[in-house]
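Bear in mind that the values in this text are calculations on the coordinates, not laboratory data. A quick note: this is a predicted structure, and the numbers were derived from the prediction, not measured. All Cβ positions, even for glycine, are placed from backbone atoms using ideal geometry, and neighbour counts span all protein chains on display.
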Amino acid sequence: MEWIGLLNYALFMGIFIGIYALLALGLNIQWGFAGLFNAGIAGFFAVGAYTSAILTSAPADGRIGGYDLPFVIGWIAAMVAAAAIAWPIGKICLRFRSDYLAIATIGVAEIIRLVIKSEETLTNSARGIAGLPRPFGEWPYVESQAAFLVLVAAIVLVVYLLVERQFNSPWGRMMRAIRDNELAARAMGKDVEYRRLEAFIFGAAIMGLGGALFAHFNRSITPEAIDPMVATFLVWIMLILGGSGNNRGAILGAAVVWTIWSVSEIATDQLPHEYAVKAKYIRLFLIGLLLQLVLRFRSEGLLPEPLRGDQGNSGIDRERSVQS
Amino acid sequence: MLELDQLVMDFSGFRAVNRCSFKVGEGTITGLIGPNGAGKTTLFNMIAGALVPTSGKITFEGKDITGLSSNALFARGLVRTFQIPHEFHRLTAMENLMMVPPRQPGEKLWANWFSWRNVCRDEVEVERNALEALDFLGLTHVAHERAGNLSGGQKKLLELGRTMMTDAKLVLLDEPAAGVNRTLLRKLEEKIAILNRERGYTFILIEHDMEMIEKLCDPVVCMAEGKVLIEGDFQTVRSDPQVLEAYLGERSEAA
């Protein structure tokens, strides 16, 4: 029965890679396209997860929500809510230069986490919200995992295609221009503040979707899941390692980093008990080391940002050849 | 077309531009000369909306444009280039031009998902214009090169090219010839003259290359220490004793 265990593990890993791929794609819109240093991914992730949890969980006493809605509505609402939260944050914070934006977004994410942790009536504070419906949850275990993986993969594919289309379009070109040279983009008539806000909200919505998928996969969400280490910095490492500005790179980065993160846990679990707990921290070290090596030897990431738009291999050119 | 009235710019106690007034007529190429630190670029920044003047008024086509943002001014046909090239370095030369046209349908997020055909149709047009501009500037061979990899002179040309991608009326050129070799310089002069003649662009040109000023500019405005010293045709300005003292510094030779 060993192989069933392995298969399960692989499915589990695949699902997490899919969820992280969404977060990395969201961050790629903000950082890779628009150059916005968002260090508060965990905040949008949490808003998405909790929005969907509140809407889809069963009614409970002393708590707002529990509307028992289907998960699809929860997921759409998660994107809307994350976008709605991103709007005022962006309005205030996007005026800062990038390093200040990073600090401001870390702060905002912490505020969101603390609110969730202490707000009894909305989020059931530290106990979190449990009993969320999971798509295909009633199926036998392995089949259910496999079906969920297929669903996640399909969502990642759709999001990838939507984001890739934007990257190649005039919108993406304008965003990359703003990223490369704000002053010149302004002088070329582009409304920099508004466009940045657009990218920020777009990215946040996808992060919110990632959060919702995470919550429904676990059937529950607790404030512990919104740890900045795993919900923010791991995503940053994925994007930088995979190649910021490259959507495939974002997905590849998610796969590579999560595999290392997850397999190294198995490795440390093999150690005698007194070391196993301490050894968990070596994983953080490993990830940090990896980041250092990538930045030193391949700073543009595994898959560097491609040349776009006018290369004859873009979506627009393909479309054109169809027309002619 | 453009009228500057008593413009003042203070940088925390330092007065970079002091009561500057002059007019720019439609279809002219106005040369703006003066020693380093005379306030020429500051003046440009105010006209182009990058800086808000401390006091004074800027009128463009009869309308007060003082303090408008640079993207609003762009929409009115006021386009600038930069003294130090501000190319979009990770975009290709082609993309640098293609990003310029305003109100492209593909600049809307939704349009790219829901009316992609429409976006593509517009792109074909934009691409043709960009190719034309690159051809005009002799940059076709580097069309698909990242702009950051171009030479300094090519970046200067690319900046000029960006002004060709929109319906510009007034173009502000900040030292287009700086760092450009002699051959390319003559070409640049030619391009500016053609744009002025055929497209009806009005230019204001900051330049230290007197040959270029002499060939292209009428009138010429000379600034020093934040003030306008004199305004007139090249010969008048060139032989003005004040200008010689402050800038050209060749009094004995010219006199």
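At a glance:
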{"item": "Per-residue mean of C-beta atoms belonging to partner chains within 10 Å, peptide B:159-166", "result": "1"}
{"item": "Reachable aspartates and glutamates from B:LYS57, criterion Cα separation under 18 angstrom, eight or more residues apart if same chain", "result": "B:GLU3, B:ASP5, B:ASP10"}
{"item": "Equivalent-ellipsoid semi-axes of chain B, from the Cα gyration tensor, Å, largest first", "result": "34, 22, 15"}
{"item": "Entries of B:LYS156/B:LYS215; A:LYS91/B:LYS155; B:LYS40/B:LYS215; B:LYS155/B:LYS215; B:LYS63/B:LYS227; B:LYS40/B:LYS191 with Cα pairs more than 30 Å apart", "result": "A:LYS91/B:LYS155"}
{"item": "Equivalent-ellipsoid semi-axes of the range B:19-61, from the Cα gyration tensor, Å, largest first", "result": "17, 16, 9"}
{"item": "Most fluctuating residue given options B:PRO85, B:PRO219, B:PRO102, as computed from a GNM of chain B linking Cα atoms under 10 Å", "result": "B:PRO102"}
{"item": "Percent of C-alpha pairs per 10 Å bin, the range A:2-323, short to long", "result": "6, 25, 33, 24, 9, 2, 0"}
{"item": "Among B:ILE206, B:ILE29, B:ILE84: highest mean-square fluctuation, GNM of chain B, C-alpha pairs under 10 Å", "result": "B:ILE84"}
{"item": "Proxy reagent accessibility, fewest Cβ within 10 Å first, across A:ARG298, A:ARG63", "result": "A:ARG298, A:ARG63"}
{"item": "Cα Rg, Dmax (largest Cα-Cα span) when computed across the protein assembly as shown, Å", "result": "28.9, 102"}
{"item": "Sum of side-chain charges, A:LEU157 neighbourhood, beta-carbon under 13 Å (Lys, Arg +1; Asp, Glu -1)", "result": "+1"}
{"item": "Exposed GluC sites (Glu not before Pro) absent: longest stretch of chain A, with sites in DSSP loops and at most 16 other Cβ within 10 Å deemed exposed", "result": "A:139-299"}
{"item": "Selection from A:GLY62, A:LEU7, A:ALA42, by position along the positive dipole direction of the range A:2-323 (Cβ)", "result": "A:ALA42"}
{"item": "Neighbour count of at most 14 Cβ within 10 Å plus DSSP loop: longest GluC sites (Glu not before Pro)-free window in chain B", "result": "B:62-249"}
{"item": "Burial ordering of B:CYS217, B:CYS120, fewest other beta-carbon atoms within 10 Å first", "result": "B:CYS120, B:CYS217"}
{"item": "Dimensions (Å) - the range A:185-242, Cα atoms, principal axes, largest first", "result": "49, 23, 18"}
{"item": "Taking N as its residue count, the alpha carbon Rg of the range B:1-121 over 2.2 N^0.38 Å", "result": "1.32"}
{"item": "For the range B:172-239, the fraction of alpha-carbon pairs in successive 5 Å shells from zero, as %", "result": "4, 16, 26, 25, 18, 9, 2, 0"}
{"item": "Per-residue mean of C-beta atoms belonging to partner chains within 10 Å, peptide A:176-182", "result": "6"}
{"item": "Relative exposure of A:CYS93, B:CYS222, judged by other C-beta atoms within 10 Å (fewest first)", "result": "A:CYS93, B:CYS222"}
{"item": "Anisotropy class of the range A:82-176 from Cα gyration tensor, a/c 1.5 cut", "result": "oblate"}
{"item": "For the range B:155-196 and the range B:84-141, distance of Cα centres in Å", "result": "19 Å"}
{"item": "Hull-based mean projected area of the range A:253-297, where the convex hull spans the alpha carbons, in square nanometres", "result": "3.1 nm²"}
{"item": "GNM top mover of A:VAL256, A:VAL152, A:VAL80 - chain A, alpha-carbon springs below 10 Å", "result": "A:VAL256"}
{"item": "Span-rule helices in chain A, defined as complete DSSP H runs reaching 18 Å or more along the axis (Cα) with Kyte mean at least -0.5", "result": "A:2-27, A:41-56, A:71-93, A:98-118, A:141-168, A:192-218, A:247-269, A:273-297"}
{"item": "Mean-position separation - Cα centroids, the range A:264-281 and the range A:234-254, in angstrom", "result": "27 Å"}
{"item": "Peptide-level mean, for B:113-122, of C-beta atoms on other protein chains within 10 Å", "result": "3"}
